[in-house]
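Reading through the structure tokens given below for one structure.
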Amino acid sequence: MSEATETVRYPAVVLVTGAAGGMGAGHARALAARGVHVCAADVADTGPVVAEIRAAGGSASGHALDVTDPAAWARVVEEIHAARGELGGLVNNAGISRRLDFLDTPDDVWELVLRINLFGPFYGMKAVAGLMRDSGGGSIVNISSISGQIGYFSPAYSSSKWGLTGLSKSAAGNFAKWGIRVNSVHPGLVDTPLLDGADAFVESAVASIPAGRTARPEEVTDVVLHLLSDRSTYMTGSEVTVDGGLVSNGLYHRITADSGGASSGR
Ligand SMILES: NC(=O)c1ccc[n+]([C@@H]2O[C@H](COP(=O)([O-])OP(=O)(O)OC[C@H]3O[C@@H](n4cnc5c(N)ncnc54)[C@H](O)[C@@H]3O)[C@@H](O)[C@H]2O)c1
């Protein structure tokens, strides 16, 4: 029997925001390892990630980008057009979290979180759509969160991620005619610097996660890769939850743990 050989295809050029660190850097490294030219964009310095990718034999360029600035988006897309001539993927990964109760959320924090987590992907999709259309289509992956699927105590973060869930579906409908797919990814708790300083929160949350642990960043990267690849050509407007079962089963997982075991048989 002959061995099955499967080739997964990716776009030639993919733009990743928030690529200087955390999961964005992981997505960038993984894409480059698969032969993709990665446009690594961030407000922070992308130099180290780009150098690391090049040292490993990959192809990458660094782009200074504050996702809240539409003019900066236009400049970055022009840089990509001039240097590569095409763009087949965008990962709207840049995001911030401010874990604050409703009444403790100052107006400026509310505005900042929405500007980065929701306005950013809106400006980004607007900026790349023309080049992606002219490149023959593509795939946009918006990194939302389970906070964009359930009630979450921190209103700015939750609203920004719920907004991104809806924005993704709206864009999926708008861009389908150009062969551009748009999906949202909803990680639960992932072990990155975003969780720094939240040890008690994380420890308590893990008790509700059926998988019994936080996610490794690579487990989210695998889903991003899938959505960018030709293995997901019929997926658009989808929400992909990557949370170790927290949203679907967290409540009963916690209840059964607190009551000292699984079902009593009734
Ligand atoms: N870590 C988690 O548990 C978790 C869970 C669910 C969703 N997410 C989401 O995943 C994404 C990545 O999170 P992470 O954990 O890797 O975070 P991180 O803090 O490690 O990295 C975020 C990156 O975004 C960049 N960034 C921040 N503001 C920016 C701006 N205005 N313009 C451009 N870049 C900017 C930062 O410089 C940083 O490199 C975020 O959208 C986050 O909301 C994270």
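Every number here is computed from the coordinates shown, using simple stated rules; none is lab data. This one's a predicted model, so the numbers in the text were calculated from it and none came from an experiment. With ideal geometry, Cβ positions are generated from the backbone for all residues, glycine too; neighbour counts draw on all protein chains shown.
Below are the figures for this structure:
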quantity: Cβ-defined net charge surrounding Thr105, 13 Å radius [Lys, Arg +1; Asp, Glu -1]; calculated: -3
quantity: Magnitude of the charge dipole, the chain, Cβ model with Lys/Arg +1 and Asp/Glu -1, debye to 20; calculated: 740
quantity: Mean residue ellipticity (222 nm) of the chain, computed from DSSP H runs ≥ 4 via -39,500 (n - 2.57), nearest 500; calculated: -13500 deg cm²/dmol
quantity: Distant-in-sequence amide H partners of Val240 (H built 1.01 Å from N, under 5 Å); calculated: Ser184, Val185, His186
quantity: For the chain, built as a Gaussian network whose Cα springs stay under 10 Å, the top-fluctuating residue of Pro217, Pro106, Pro155; calculated: Pro106
quantity: Degrees between helix 155-175 axis and first principal axis of the chain (Cα, 0 to 90, nearest 10); calculated: 40
quantity: Sequence of Lys161, Lys177, Lys126 once ranked by neighbouring C-beta atoms within 10 Å, starting from the fewest; calculated: Lys177, Lys126, Lys161
quantity: Relative contact order, percent, the chain [alpha-carbon distance under 8 Å, six or more residues apart]; calculated: 18
quantity: For the range 169-266, the spread of Cα positions along each principal axis, largest first, Å; calculated: 54, 39, 22
quantity: Selection from Leu118, Ala40, Pro11 lying farthest towards where the dipole of the range 1-125 points positive, charges on Cβ; calculated: Pro11
quantity: Karplus-derived HN-Hα couplings along the range 122-135 (A = 6.51, B = -1.76, C = 1.60, θ = phi - 60°), whole Hz, x at Gly and Pro; calculated: 5, 4, x, 5, 4, 6, 8, 4, x, 5, 5, 4, 5, 8
quantity: Selected from Glu78, Glu111, Glu86 as most flexible by GNM, with the chain as the system and alpha-carbon contacts under 10 Å; calculated: Glu111
